[in-house]
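Here is the structure we will look at.
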Amino acid sequence: MSETLSNSSEKSFSKQGGVHLKTLPFKLSLASFNVDILPICTYSLLKLLLFPESKDRFFSFARTAQEISLVLESKDIPLFPPNTLQHSEQIWRAIKVDEGDLGFSSSGVVSSIAYPLSQANIFIYYISTFETDYALIEDKNFGLAMKVLSNSGFIVDGVEPSKNEQIFEDSSKPTESTEKDLIMIEKLPYELYIARLSKDQVNIQASKIINTIFYRVDENRFFSFTETPSEVSLILDFKTLSSFESSSIENSGTKWSILQIYEGKNGFSESGTLAQFSKPLADAKISIFNFSTNYTDFTLLQEDTVEKSLHVLSETLDVKNVEQEK
């Protein structure tokens, strides 16, 4: 993995031709609850984290200063006590960028997916993992989204590109309006790492996972656990990382800084925000690792690219840095 990271600045995702998008079969729901009711939801979370019905699943847990955010199969919503979860009634579907090791080694994968979908006004909930990237799309828009992405040059399961139909504007053409929505960002005071557990290590390392989620007293932190059919991906701080035996966890070997994006009510309600934010960074060949929650979006940047990233964003977007105003 160190070789992948060392070459990350050379890999660009500016051309999506030939990249395969794999549709996943899961019917998903987005949910969240306040951190202060975590004890009430302990049993439900332990069951989902450590005792799932199947290892072939898509499940994501994220703890931030504002919320506990979940992506889970819709059939698992009733596992939680009544009136604890805030959740969408919409069913969501997931697509996987089936290219391998793209989660933090490609500079333009987020933009190449987010931009055409934003042009078609299709909401997107985006999760990068250690291996690759996943985009969640509402089931009611899923067919159209697959057609849009196919027409963008992606290879999509069961979808042939239309040669004569253009659903969205060409990103290389300037738009008529130069007015941009205000996007507020804040660089959070965390040094984070991206890591991967093998699936057979999850139960072996259960005590570390439980301690991180339920017994850490510092509430102002970021931690995520995402399980897909092929991996278990973690975002964690050094304290949590160091609690694992080095032989049990694969670490990216790089420190990451994290930006919180304040725009819209949650991570998917403003379809163009992610596209606006990711495109100038992709054009500057800056690798990002994106993680949506029900409250907002987070973008992780390698530490040595933060200053350049903030400069690029301030030059191309109407961005207000919350940290500078405090």
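The values are calculated or read from the model by the stated rules, or taken from the named source; none is laboratory data. Bear in mind the structure is a predicted one, so any value in this text is a computation, not a measurement. Keep in mind that these areas ignore ligands, DNA and RNA; they rest on the heavy atoms of the full protein, side chains included. Shrake-Rupley method; radii C 1.70, N 1.55, O 1.52, S 1.80 Å.
Subtracting the Cα-Cα distance from 0.36 nm times the residue separation, let me have the gained length for residue 306 to residue 191 in nm, one decimal.
Details: separation 115, 0.36 × 115 = 41.40 nm, distance 1.21 nm.
Contour length minus Cα-Cα distance gives 40.2 nm.
Could you please state how large a percent of the accessible area of the range 27-100 is carbon and sulfur, counting protein chains only and using a 1.4 Å probe? It would help to have the intermediate numbers written out before the result.
Values: 1690 of 3270 Å².
Heavy-atom surface of the range 27-100 belonging to carbon and sulfur, 1.4 Å probe: 52 percent.
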